[in-house]
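See below for the structure under consideration.
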Amino acid sequence: MRTPSPRHPTPRLAGGTTGPGALRPLLDIVLRALEDGAEARGGPLPAGGPEAVAARVRDLLRDPLPAHGHDPGHALRDLVRTLAEGSADPADPLCAAHLHTPPLALAVAADLAAAALNPSMDSWDQAPAASEIEQTVTRALAAQVYPARPDPEALVTTGGTESNQLALLLARERAPGTPLRVVCGTDTHHSVHRAAWLLGLPAPVTTALDDPDALHRTLTVTPGPALVVATAGTTDTGRIDPLAAIADITAHHGAALHVDAAYGGPLLFSDSRRHLLDGLDRADSVTLDLHKLGWQPVAAGLLALPTADRAAPLAHTADYLNATDDTDAGLPDLLGRSLRTTRRPDILKTAVTLRALGRSGLGDLVDRVCTTAQDLADRVAKHPRLELYERPTLSTVLLRPTGATDEQTAGIRRTLLTEGTAVLGRARAGGRVWLKATVLNPHTTPERLDTLIALVEGSTPR
Ligand SMILES: *Cc1c(COP(=O)(O)O)cnc(C)c1O
């Protein structure tokens, strides 16, 4: 039998000794397309709204799976350029709606190596060095959360949503029999409610966590085992719940405590702000998200635990990944570090960032964006035609034009989005709609803040 001769040359691979040589000219194309796309966009997001962006994409992708392929360099260039031109780019200081971080160039470069080598974190024979890097770095990060513990641990997740799910799952497994009651704040992240639903738990009871008496009353009337979920850095305002007081009440009632520090967790790196998280180390689990105040490309989530054995409910054996005799013979068993199977070595970019910046370098970035947010709040507070919601705790500033209605305030956001001039979020706080600026860009200058304020003013209906 004859093997049919291939009609196409076999595309080159990214790994091995020759992979980098194949990648180099392609990276050149990617980088040029990123520059061209950003230049064509000319601002924080594409002008013209959803229809204009979709039309450009549809035009390029009229035939997304052609019968015969295109020139690879052109395919790469055209799609990357279209993506860049049509992106909301958090590297632009006027793109400040969400906890949508501008990633560090260093972390992105490290992530390329993860993609090229493609280690998978579900068994040692797919990730020999990556698995050791993950364990070492996650333990160091867990030690930031739990400095007094001898063996704290952190699991790598896709972000706050997965971390919160795991936290509820681990709490449920520690309270067998009666259903676990989740008690959370009124401004708790939506993923906590979805996690309760996913895990078959009763709908969470919400209470005002900034009022310790209210929590005490809620726990007094809540039957059975309870998990209190506090937040260090709410998505809407960046507020931090009074963690130490909550830990006292939770302990008094014998309830478990999870702290969602997806946003505020990296305050741990800042010597001048670490105290805002006092009480964090008393939690049974802590969500961290380094694709927010950690400047990592997605995904970079963690769930920190006070002791490694807290992750035991995730232990699982599959003969093809961690057969007992393989484990007994010394092959590390990685499957119990996640509910996922195939899993990227997302810790690599974080490991590079920690090594390059150190704790002080990261703390400096955290301080810088928090200071910039204070500066923006000052400018809003002094402005005769703008109203400030409150002084920021972290890096979120809520503002609205004095005297504007909720509809007008929401309309300003959409006008700026359609113009492509600024990306602001919206938040409901104190029963009203506010424009939300989340400062995550360490390069944002006072001049850019003035531009932001001028854009809001310029779009305010008179
Ligand atoms: C962003 C955020 C989450 C969700 O994290 P993802 O990374 O988007 O899954 C959860 N909690 C809080 C407080 C957040 O800010």
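Just a few scattered comments:
- The residues neighbouring residue 25, those whose beta-carbon lies less than 12 Å from its own, together hold a net charge of +3 under the Lys/Arg +1, Asp/Glu -1 convention.
- Per-residue ³J(HN,Hα) for region 254-268, Karplus 6.51 cos²θ - 1.76 cosθ + 1.60, θ = phi - 60°, Hz, x for Gly and Pro: x, 8, 8, 10, 10, 10, 8, 10, 3, 8, x, x, x, 4, 4
- One quarter of the surface of the convex hull around the alpha-carbon atoms of region 270-405 equals 12.4 nm², the direction-averaged projected area.
- Prolate/oblate/rounded label for region 201-335 (Cα gyration tensor, a/c 1.5): oblate
- Using the alpha carbons alone, the radius of gyration of region 21-87 stands to its Kirkwood radius in an Rg to Rh ratio of 1.02.
- Modelled spin labels at residue 58 and residue 109, positioned 7 Å past Cα toward Cβ, are 4.1 nm from each other.
- Translational diffusion of region 96-227, µm² s⁻¹ [Kirkwood Rh, Cα pairs; Stokes-Einstein; 37 °C; 0.692 mPa s]: 183
- Peptides 228-236, 193-201, 61-69 ranked from most to least packed by the mean count of surrounding Cβ atoms within 10 Å: 228-236, 193-201, 61-69.
- Taking the C-alpha atoms of region 380-428, convex hull volume expressed per residue in Å³: 89
- Overall, the ratio between the Cα radius of gyration of region 6-125 and 2.2 N^0.38 Å, rounded to two decimals, is 1.26.
- Debye intensity ratio in log₁₀ form over the Cα atoms of region 358-459, taken at each q of 0.18 Å⁻¹: -0.81
- Pairs of alpha carbons in region 119-357 whose separation is greater than 29 Å (percent): 27
- Estimated distance in nm for a label pair at residue 364 and residue 378, the labels positioned 7 Å out from Cα along Cα-to-Cβ: 2.1
- Modelled label positions at residue 371 and residue 199, each set 7 Å beyond Cα in the direction of Cβ, lie 4.0 nm from each other.
- Calculated [222 nm] ellipticity per residue, helices only, for the chain: -13500 deg cm²/dmol; basis is -39500 (n - 2.57) per DSSP H run with n ≥ 4, divided by all residues, nearest 500.
- When the Cα convex hull of region 103-151 is projected onto planes of every orientation, the mean area is 4.4 nm².
- Straight-line cross-link reach from residue 382 at under 27 Å between alpha-carbon atoms covers these lysines, not counting any fewer than eight positions away in the same chain: 436.
- As a rough guide to protection, the peptides 86-96, 438-448 ranked by mean Cβ packing within 10 Å, highest first, stand as 86-96, 438-448.
- Distant-in-sequence amide contacts of residue 95, defined by a placed amide H-H separation under 5 Å and a gap of 5 or more residues or a different chain, comprise 423.
- Summing charges over neighbours of residue 175, with a neighbour being any other residue whose Cβ is under 15 Å away from its Cβ, gives +2 when K and R count +1 and D and E count -1.
- Dimensions in Å of the chain - Rg and Dmax from alpha carbons: 24.3, 85
Computed from the coordinates by the stated procedures, all read-outs in this text should not be read as laboratory data. What you are looking at is a predicted structure, and each value in this text was computed from that prediction instead of being measured. Note that we place each Cβ from the backbone using ideal geometry, even for glycine, and neighbour counts take in every protein chain shown.
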